[in-house]
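Chemist: Have a look at this one before I ask anything.
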Amino acid sequence: MEIQSAWDTLVEASRYMFRGPTGREIAIFFVVLIVTLVVISVPYLWGRVSRLRDIEKAFFARGRSLGLTEEEIKLLWTYAKRFPYDPQMIYDNKSLFEKVVTRVVRENFAGVRLIPSIRAKLRFDTVPWFIPLTNTRDIDLYQTGKLVVDGIYIDAAVWDKTETELHLVVLEALPRPVRIGESVKFHFVRENEGRYTFESTVKDKYTEGDRLVLVLEHSETLHRVQLRESLRWKVNVPVEFAVLEDLTEESVKGAVFTGGRIEDISTKGVRICTDILMKPREGQYVIMSFSIGDYRFENMMGQIVNVRSLQTQVCMGIKFLKVSRQEEKIIDKFILEEQRRLIKTYKIGEIE
């Protein structure tokens, strides 16, 4: 009897093991699953919503502190929150700001009227000389350059600009009429910074006096070529220097030093200006001593590559003949620190 009872128990257990779930059991499973998901998801979603509210609150507070109106902040927030970065970066990063402007122009034309005011308040209406241009909205008024038509280079200049278009005045006769809808190129050089090229479509044209003005669409693509191998940074550093015909031991020992100032510097060379009306020539050599921070550059050797003589001063572009890796690092670090300092002071309005 005991054996039969055990067998019956095993059979009954096997029947329950291999049978499908009942409708009631399925319903209970899904109820438990839904409750579990709700218990897990609600705190997460609530935390995410709270975090977004805090980010939005901080974004609006920062905007008010910068003098923006509620309407202006709301416009920026609409687009800044879509990007995968801290929305407040739009207040400090011009490149990100321009991306938002581009979207406003394309998607919300009514909001374009607010952009000039926002630019001025965020100090994005001008670009300091040490910051590269990011799009055609950055180009200064009256910037001269060359308009390219059928491979012919024509003198032209930026006459006017808005958030939606750039006006180029043509300063020479064109080889042929330029058609609306045609694509043209414009080349220009930004002093001490870079050579730029962009291509855009002519959306309209008109005359200003006897000059033709082409109305171009703004371009987000500026092709830039740095003018020098390394960035030259504007400074005002006292220097003692001597100009030599050669670098023989006799010439170096007999060098007569005079005072001047370094007006710009890079890891490749310096520009020295002096009030002494001397007559240096390209190809001559220079031995110089100066200080950058706590480091003293003693008897640096260089060669004159260009000379600019004015009524009251003489300036020489000089390339270093020998500079150690340590000295290059010191100059690089100095320029980087100066860039950071100037960007910070520019943003808070201490420099123009």
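Chemist: Say whether the condition of being over 22 Å from I331 (Cα atoms) and assigned by TED's automatic domain parsing to the domain that holds Q339 is met by at least one residue in region 284-304. Don't jump to the end; show me each part of the working.
Modeler: If we filter region 284-304 for residues that are over 22 Å from I331 (Cα atoms), which is where we start, we get 284.
Filter again for assigned by TED's automatic domain parsing to the domain that holds Q339, leaving 284.
Yes, region 284-304 contains at least one residue that is over 22 Å from I331 (Cα atoms) and assigned by TED's automatic domain parsing to the domain that holds Q339.
Chemist: Which number in (1) within 26 Å of E191 (Cβ to Cβ); (2) part of a strand (DSSP E or B); (3) more than 35 Å from the chain's Cα centre (by Cα) marks the one condition that K319 misses?
Modeler: (3)
Chemist: Restricting the search to region 128-158, which residues are surrounded by 18 or more Cβ atoms within 10 Å (Cβ to Cβ), among the hydrophobic types (A, V, I, L, M, F, W, C) and within 15 Å of H218 (Cβ to Cβ)?
Modeler: The answer is L133, I139, V158.
Chemist: Given (1) over 21 Å from L336 (Cα atoms); (2) touching a residue at least 40 places away in the same chain (Cβ under 8 Å); (3) assigned to a loop (DSSP other than H, G, I, E, B), where does L277 come up short, assuming only one miss?
Modeler: Of everything listed in (1) over 21 Å from L336 (Cα atoms); (2) touching a residue at least 40 places away in the same chain (Cβ under 8 Å); (3) assigned to a loop (DSSP other than H, G, I, E, B), L277 misses just condition (2).
Chemist: Which of (1) closer than 17 Å to I265 by Cβ; (2) part of a strand (DSSP E or B) does V307 not meet, given it meets every other one?
Modeler: Evaluating V307 over (1) closer than 17 Å to I265 by Cβ; (2) part of a strand (DSSP E or B) leaves (1) as the failure.
Chemist: Does region 301-312 include one or more residues that are within 33 Å of the chain's Cα centre (by Cα), of a type outside the set (K, R) and modelled with pLDDT under 90?
Modeler: Looking through region 301-312, none of the residues is within 33 Å of the chain's Cα centre (by Cα), of a type outside the set (K, R) and modelled with pLDDT under 90.
Chemist: Within region 63-89, count every residue that is modelled with pLDDT of 90 or more and among the charged types (D, E, K, R).
Modeler: Going through region 63-89 one residue at a time, the tally reaches 5.
Chemist: Looking at I335, I331, which one is surrounded by 14 or more Cβ atoms within 10 Å (Cβ to Cβ), outside the structural domain of K94 (by TED's automatic domain parsing), within 20 Å of R232 (Cα to Cα) and in contact with a Leu (Cβ under 9 Å, 6 or more places away or on another chain)?
Modeler: I335
The values are calculated or read from the model by the stated rules, or taken from the named source; none is laboratory data. Given the structure is predicted, the values throughout are model-derived calculations rather than measurements. All Cβ positions, glycine included, derive from the backbone under ideal geometry; neighbour counts span all protein chains shown.
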